[in-house]
Amino acid sequence: MDRPSLWTHSAEEPPLLPEAEAPAEGAVDVAIIGGGYTGLATALFAAQAGLSVHVIEAAAIGAGGSGRNVGLINAGLWVPPDDLLQTLGPQVGPRFLDLFGRGPQTVFDLIEQHQIRCEPRRMGTIHAAHAPRGLRDLQARHAAWRRLGAPVGLLDREETAALTGTTLFHGGLLDRRAGKINPMGYARGLARAARGAGARITTATPVTALRRDGAGWRVETGRGTITAPQVVLATNAYGGDLWPALARAVTIIHFFQVATAPLGEASADILPQGQGLWDTAPVMTSLTRDGAGRVILGSMGRMIGTPQTGVSARWARRRFRRLFPEKPVPDFTEGWHGRIAMTQDHMPRICQLDRGLWAPMGYNGRGITTGTLFGRALAEMLAGAPQSSLPLPVSPLGRRAAPGLQARAFDLAFTLNQIAPIP
Ligand SMILES: Cc1cc2nc3c(=O)[nH]c(=O)nc-3n(C[C@H](O)[C@H](O)[C@H](O)COP(=O)(O)OP(=O)(O)OC[C@H]3O[C@@H](n4cnc5c(N)ncnc54)[C@H](O)[C@@H]3O)c2cc1C
């Protein structure tokens, strides 16, 4: 199993108590495989709509991307808004952009409603220009969002330096709709809310097979079988070979993060207003500071070696020195990585794999809002709303050419990037 993330122990929300968990058996309206944002949001809203629901998680709540990510709650998708409108067309595009533009608000409302202890900070996020060409990309994104009336602002070099604490960036895009959270805290809080709404949850129980059973499905585990007419396969980048076609539809890449111990006042001038940041470089860097004053640096690729002396730790020290040349380089004490499911066009999908078998997937590194919104929409559909009310038309699974080969090529490129001198 991958090394656990910092969030596993820094989240204020505790893990679910084993004695509160349901046995892995019985019949329900909806069986959900995977205890991340998608599965848990589906469970919460389906249970609230009166459906009986059972979430089965192979490891712990948030063991996948939901407990490992950077914690940036962004509006929209990775794909710029103009491209999204073009891809989705005049029927779906504006509705989708409106929903995803309000995505952070939806997440912050849920956090408030269920009193989820996940250090929510709604100060915006900063997309920082690593080079003049990055700034041109941000200018185009800014113009597109402004045409849609979104509260985004273009920062010049000095303004970016004031908000980040580094003079390295050429400018930035501040999106005031956005913010950040402790990602594991949000996942565990959703699980608590879903259970409070009546959903059953079983962790530490991998689903070993998914079989048709008359009009419905048998969800088999080593500890019993659950039957349901509807199943949501919410395993995303962590599905393994449970449904092999799902794994062939995406390319899996890794993203690692390395964190310092709490630095107190010594880190107070890094992102002093509490925003999170990622940059425009093709191999992106992320930078955040948590509530305890830990500085957390991330980039694409696997966590290699120990957080103290390994390849990723050395990358983090070089990166820190480049960002904050006047500061002493701190020790990094924790490191971890997670998997991201990439699609060819960087668009997420809601797939129907068979009758009554749904798979939202391929979030391309934008999963906090996407998992929450897709989960809610699927729950509403399973409770009777028309399929046309989903944020995206249901799509066939598709298949990437040689996804395994692509994943290995990315892995190699990202490893070389960790070793190469930092420009
Ligand atoms: C390092 C990193 C940084 C990221 N940063 C951001 C960010 O800043 N902002 C953002 O919005 N998004 C970010 N993302 C993306 C986001 O984390 C994911 O898109 C999101 O968490 C996906 O949620 P999910 O519920 O669909 O899947 P996951 O959270 O991955 O959950 C899938 C679950 O399925 C379980 N599972 C798998 N197989 C089985 C089985 N056979 N039986 C039972 N359970 C099974 C797994 O154990 C796992 O818990 C990042 C991702 C990573 C990895």
Query raised in the report: Counting only residues that are assigned to a strand (DSSP E or B) and either of a type in the set (Ser, Thr, Tyr) or more than 12 Å from the chain's Cα centre (by Cα) (or both), which one in region 356-382 is nearest to the ligand (Cβ to nearest atom)?
Result: PRO360
Report task. Looking for whichever is of a type outside the set (Asp, Glu), in contact (Cβ under 8 Å) with a residue 60 or more places away in the chain and touching a strand residue (DSSP E or B) at 6+ places or on another chain (Cβ under 6 Å) here; the options are ARG188, ARG117, ARG192, ARG121. Which one fits? Result -> ARG121
**Report entry** Matching residues, region 309-324, being buried (at least 20 other Cβ atoms within 10 Å of the Cβ) and touching a helix residue (DSSP H, G or I) at 6+ places or on another chain (Cβ under 7 Å)
**Finding:** SER312, TRP315
Requested in this report: Please find, among SER66, SER52, SER5, the residue that is modelled with pLDDT of 95 or more and more than 15 Å from the ligand (Cβ to nearest atom).
Outcome: SER52
**Report entry** Complete set of residues in region 226-251 that are surrounded by fewer than 17 Cβ atoms within 10 Å (Cβ to Cβ) and either of a type outside the set (Gly, Ala, Ser) or at pLDDT 95 or above (or both)
**Finding:** ASP241, PRO244, ARG248
Report summary line: Log entry, pairs with first residue in region 196-211 being without any contact (Cβ under 8 Å) to a residue 12 or more places away in the chain and within 10 Å of ALA24 (Cβ to Cβ), second being assigned to a strand (DSSP E or B) and not aromatic (Phe, Trp, Tyr), beta carbons closer than 7 Å, six or more apart or on different chains, reads none
Report summary line: Among the residues of region 69-78, the number that are hydrophobic (A, V, I, L, M, F, W, C) and more than 7 Å from the ligand (Cβ to nearest atom) is 3
Requested in this report: State whether one or more residues within region 192-202 are under 30 Å from GLN273 (Cβ atoms) and either β-branched (Val, Ile, Thr) or surrounded by 18 or more Cβ atoms within 10 Å (Cβ to Cβ) (or both).
Outcome: yes
Query - Where a residue in region 130-142 is surrounded by 14 or more Cβ atoms within 10 Å (Cβ to Cβ) and in a helix (DSSP H, G or I) and its partner, wherever it lies, is at pLDDT 95 or above and of a type in the set (S, T, N, Q), with Cβ under 8 Å and at least six apart - result: GLY134/THR280; LEU135/THR280; ASP137/THR280; LEU138/THR280
Query - Cross-chain or 6+ apart pairs with Cβ under 6 Å, region 47-69 first and within 24 Å of ARG218 (Cβ to Cβ), then among the polar types (S, T, N, Q) - result: ILE56/THR202; ILE56/THR205; GLU57/THR203
**Report entry** Conditions (1) small (Gly, Ala, Ser); (2) surrounded by 14 or more Cβ atoms within 10 Å (Cβ to Cβ); (3) at negative phi; number of the one not met by GLY362
**Finding:** (3)
**Report entry** Filtered residues of region 123-169 (kept if touching a Gly at 6+ places or on another chain (Cβ under 9 Å), closer than 22 Å to ILE270 by Cβ and β-branched (Val, Ile, Thr))
**Finding:** THR125, ILE126, THR160, THR164
Query raised in the report: Any idea which residue in region 32-49 is nearest to the chain's Cα centre (by Cα), counting only those that are part of a loop (DSSP other than H, G, I, E, B) and within 12 Å of the ligand (Cβ to nearest atom)?
Result: GLY36
Report task. Return yes when LEU210 is in a strand (DSSP E or B), buried (at least 22 other Cβ atoms within 10 Å of the Cβ) and in contact with a strand residue (DSSP E or B) (Cβ under 8 Å, 6 or more places away or on another chain) and no when it is not. Result -> no
Query - So GLY240, is it under 20 Å from GLY367 (Cβ atoms) and either in contact with a Ser or Thr (Cβ under 7 Å, 6 or more places away or on another chain) or near the ligand (Cβ under 10 Å from one of its atoms) (or both) - result: yes
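The values are calculated or read from the model by the stated rules, or taken from the named source; none is laboratory data. Note that this is a predicted model, so its numbers are computed, not measured. Neighbour counts are summed over all protein chains in view; Cβ atoms, including those assigned to glycine, are modelled from backbone coordinates with ideal geometry.
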